[in-house]
Amino acid sequence: MITRRRLGRILTVCAALTGLVLTSAASAGAQPVTHTPASQAVGFGPNVTVFDPSTPVSQIQAVLDATNAQQVSNEMGTQRYAYYFKPGVYGTADQPLQIKVGYYTEIAGLGASPEDVVINGKVEVYNRCLTADNCLALVNFWRTVSNLTVNVNAKGQDGCHASANIWAVSQAVSLRRVKVTGGNLSLMDYCSAGPQYASGGFIADSQLPDTVNGSQQQWLTRNSQVKSWSNGVWNQVFSGVEGAPSEAGFPDPPYTTVDKTPVSREKPYLFVDGHGQYAVRVPAVQRNSSGVSWASSRGRTIPLSDFYVAKPGDAVAKINNQLAKGKNLLLTPGVYDIPRSIEIKRPGTVVLGQGHATLTAVNGSTPLRVSDVPGVVIAGVTVDAGLKKSKVLVQIGRPGQDAWGRNSDPTTLSDLYFRVGGPHVGKTGTALEVNADDVLIDHTWVWRADHGVEGFSGDTERWNTNTGTTGVIINGDRVTATGLFVEHFQRYNTVWNGNNGTTILYQNELPYDPPAQKDWMNGKVEGYAGYKVGDQVRNHHLYGAGVYVFNQNNPSIHTENGFEVPNRPGVKLHHIMTVNLSAGVIDHVVNGVGPAADTTKIGVPVYLPDYPVS
C-alpha cells in the first residue's frame, strides 16, 4: 500500500513525467479500426458498434482488442469510438470477455438498468508504460464506461492482474451506473513497474465491491453504494455514498464525507426500449439524495427520432436549424470543427456526445452557447480551444440576460471536458463561463495542457503560445459543482462570483510554466489563488479541495495563497489542502492562514480542516 509520505518522497519523478512530449498514435500513422456493420442500421456512423448476445465472444474480444491496441497510447489522436451492448450476458465462466478501455473509447450497456447487461469478465484500464520501468496512470484520460454489470472473471490473467478489476485512470474519466460483483475493484494498477501513480477520478450511481484507492491522489465518489474503501493519498471525497468511510480523524485518513448530495442529476444514457427502439433516458433532478438511482422512475424518455444525429463535417448552420425545429442533438464520435456557436435556446434540450465527441473552436468561435433557460442537459462532450483566441469556449447564459428566476430543473453539465492545447496549440480567455442561475456541473476537467504534441510545460515559450487566462467563471447564483477539476490557467483557475454556490471536490494544479515571478503577479500579490471566491459573495460552501504547485520553469516562484475567499460567516471551506510537487511555493493555504507548501515537504499536504478556523 502506498502511503502519503512514501508517495511524497518520489513524487518529483511523477511530476516531471507529466511534462513529457507524448507521441500520439495518430502522428505515428494509426489507421481507423474496421468495425462490424451492426451500428449502421441505426445511423450512428462507422465509429459506433452495437453488439448483441448472439455475437460470438471471440468476435467481440477481437474487435475491442484491436481498438485498444490502437488507442492505448493515442493520447492526442483524433480517433473516437463507442461500443454498445444490447441487453443480455456476454462472456462465460470458461470464455470471459475481458475489455481494456483506451483513449477516447466509450463502453456502455443499452439496458434500462445496469443489471440488464452483464459482462462476465472484466472492464479495465492498466498503467501506461512510457518506458519499460516507468509505468503510471497519470495520463490515462478521456474514456467512459457506463450502464452495465461487471461480474469479475480473471481466467487466463496473471496472478497479480487476476486479483481485482483494475481501473487505473486519471482526469476526464467517468464510471457511471456500473455494478461490480464477483471480485474487488482497484483504482490502482499495482502489477506493472513503478511508480504506478494515478490522478483521478469520478464514480457515480454505482454499486461497488471492496474498493482499493491505492495511489489515487484525489477521487470523488457520488451517489453510490460501496462495500468498503481502503486507504487514500491526499483527498478522497464521498457524497451521498452508502457505506462511505467516516471523515473522523481527517486528515488521517484524508476522507471527506457528505451524507447527502444537495443537488444531482444522473447523466442521460442511450438504451433500447421494450419494442427494440433506441431512446435516451434523461433522469430527473434529485435533491438531498444518496445511493443509486436505478429503481427510480423519475425522469423522461426521448425517442431517438427526436434527436438530430450529427456526424463530423456537418455544418453548424444545419445543426442549429435542427435545434431550432425542436430537435435534441446526438454527436456521434469524431472531431467537429466549429466556426460559429452551436446555439441551445429551447428549454429541456439534450446534447449527448458519443465516444468523447470533440468540438474544436475555429477562428476564435465559442463552440457552445446555452441560453438562460431551464432543463438543458449537455453530456459527454469535449471542447477544444483553437489556434485563434476565443473569448470563451462554453457559455451558459449570456451576461446580463434576464434570468428565469429560481427553477427546479437546472441546466446540467455532465462529463463536459475542456482542453486548451494538447493535440494542437489552443488559446482562450475563459474555458467555461456560467452566467445562469441554478446550474449543476457534474464532473468536468478544464485543462490548459501541460504537455502535448505542441510542446510541454518546460518550454518557456509555451506561456506565450498556449494561452488560457481563466478556467471557470461562475457568475450565476445557486450553482452546484460535483467534481470540479481545473488546471494550469494563467491567472485565477476558478472564479466564483455567484451566491449560494457549492463545490464538492475541487482539484487544481497551478500553471507549471510562468517564466518568472513578474509573469505571475496579481498586482502586488505574488500569484493567483487556485480557487477564488468573489469579494461580494455572502454564502459559499466548498468540501474537499486541493491546490497543487509545480513551478517547473522557475522553481523560485511563489504563490501567496492556494485559496482566496471573503471573510464572511456564510463562506465556509471544509477539508482543504495545498501540496508541493517539488518546485515553487504556496505560502499559505487560504487568506494568509496555514503554513507554506514548500520543498521541505514535497508530496506532504498542508491541511486545513475548516475555514474560518473555529
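The values are calculated or read from the model by the stated rules, or taken from the named source; none is laboratory data. The structure displayed is predicted, hence computed values, not measured ones. Using ideal geometry, Cβ is built from the backbone for each residue, glycine included, and neighbour counts are taken over all protein chains shown. Ligands, DNA and RNA are excluded from the accessible area calculation, which covers all protein heavy atoms including side chains. Shrake-Rupley method; radii C 1.70, N 1.55, O 1.52, S 1.80 Å.
Scanning the range 286-302 for residues that are surrounded by 12 or more Cβ atoms within 10 Å (Cβ to Cβ), polar (S, T, N, Q) and in a loop (DSSP other than H, G, I, E, B) yields 290, 293, 296. Condition check: among the polar types (S, T, N, Q), at pLDDT 95 or above and within 20 Å of residue 604 (Cβ to Cβ). Does residue 539 satisfy that? For residue 539, the condition - among the polar types (S, T, N, Q), at pLDDT 95 or above and within 20 Å of residue 604 (Cβ to Cβ) - is not met. In this structure, residue 172 does not satisfy being surrounded by fewer than 22 Cβ atoms within 10 Å (Cβ to Cβ) and either more than 19 Å from the chain's Cα centre (by Cα) or touching a residue at least 40 places away in the same chain (Cβ under 8 Å) (or both).
On inspection, residue 59 passes the criterion of being among the polar types (S, T, N, Q) and open to solvent by 50 Å² or more (accessible area, probe 1.4 Å). Considering the range 488-502, the residues that are in a strand (DSSP E or B) and open to solvent by less than 10 Å² (accessible area, probe 1.4 Å) include one that is nearest to residue 393 (Cα to Cα), namely 494. Going by the structure shown, is residue 215 closer than 17 Å to residue 176 by Cβ, of a type in the set (Gly, Ala, Ser) and in contact (Cβ under 8 Å) with a residue 40 or more places away in the chain? No, not satisfied. Starting from the range 312-328, keep only residues that are touching a residue at least 24 places away in the same chain (Cβ under 8 Å), then list their pairs with residues that are among the acidic types (Asp, Glu) and part of a helix (DSSP H, G or I) whose Cβ atoms are within a distance under 9 Å, requiring at least 6 positions of separation or different chains. Qualifying pairs under 9 Å: 328/306.
Here residue 77 clears all of (1) modelled with pLDDT of 95 or more; (2) out of contact with any Leu (no Cβ under 8 Å at 6 or more places or on another chain); (3) closer than 27 Å to residue 178 by Cα except the condition numbered (3). Among the residues of the range 97-140, those that are closer than 18 Å to residue 379 by Cα and open to solvent by less than 10 Å² (accessible area, probe 1.4 Å) comprise 103, 104, 105, 107, 108, 109, 110. Restricting 192, 146 to those that are in contact (Cβ under 8 Å) with a residue 12 or more places away in the chain, small (Gly, Ala, Ser), open to solvent by 10 Å² or more (accessible area, probe 1.4 Å) and in a strand (DSSP E or B) reduces the list to 146. All of (1) assigned to a strand (DSSP E or B); (2) modelled with pLDDT under 95 hold for residue 158 with one exception: (1).
Check residue 184 against each of (1) modelled with pLDDT of 95 or more; (2) in contact with a strand residue (DSSP E or B) (Cβ under 6 Å, 6 or more places away or on another chain); (3) crowded, with 19+ Cβ neighbours inside 10 Å and name the one condition it does not meet. Of (1) modelled with pLDDT of 95 or more; (2) in contact with a strand residue (DSSP E or B) (Cβ under 6 Å, 6 or more places away or on another chain); (3) crowded, with 19+ Cβ neighbours inside 10 Å, only one is false for residue 184: (3).
Can you find, within the range 317-368, the residue that is most open to solvent (accessible area, probe 1.4 Å) among those that are assigned to a helix (DSSP H, G or I) and not hydrophobic (A, V, I, L, M, F, W, C)?
Going residue by residue through the range 317-368, those that are assigned to a helix (DSSP H, G or I) are 317-324.
Imposing the further condition that a residue be not hydrophobic (A, V, I, L, M, F, W, C) reduces the set to 318, 320-322.
On the way: 318: 106, 320: 23, 321: 73, 322: 38 Å².
By that ranking, first place goes to 318.
Scanning the range 581-607 for residues that are within 18 Å of residue 250 (Cα to Cα) and in a loop (DSSP other than H, G, I, E, B) gives 594, 595, 603, 604, 605. Entry remark, the range 122-143: residues being assigned to a strand (DSSP E or B) and either among the hydrophobic types (A, V, I, L, M, F, W, C) or farther than 21 Å from residue 205 by Cα (or both) number 9 in total.
Among what's in the range 360-377 and is under 19 Å from residue 267 (Cα atoms) and aliphatic (A, V, I, L, M), pick the residue that is modelled with the lowest pLDDT.
Within the range 360-377, the subset under 19 Å from residue 267 (Cα atoms) is 368, 370, 373-377.
The next check asks that each one be aliphatic (A, V, I, L, M); those that pass are 368, 370, 373, 376-377.
Numbers: 368: 98, 370: 98, 373: 94, 376: 98, 377: 98.
Only one residue fits best here, namely 373.
When the range 369-400 is filtered for residues that are open to solvent by 10 Å² or more (accessible area, probe 1.4 Å) and part of a loop (DSSP other than H, G, I, E, B), the ones remaining, listed by number, are 371, 372, 373, 374, 387, 388, 389, 398, 399, 400.
Beta carbons closer than 6 Å, at least 6 apart along the sequence or on distinct chains, pair a first residue in the range 430-453 that is under 16 Å from residue 498 (Cβ atoms) and touching a residue at least 60 places away in the same chain (Cβ under 8 Å) with a second that is of a type in the set (A, V, I, L, M, F, W, C) and open to solvent by 10 Å² or more (accessible area, probe 1.4 Å) for 437/403; 440/263.
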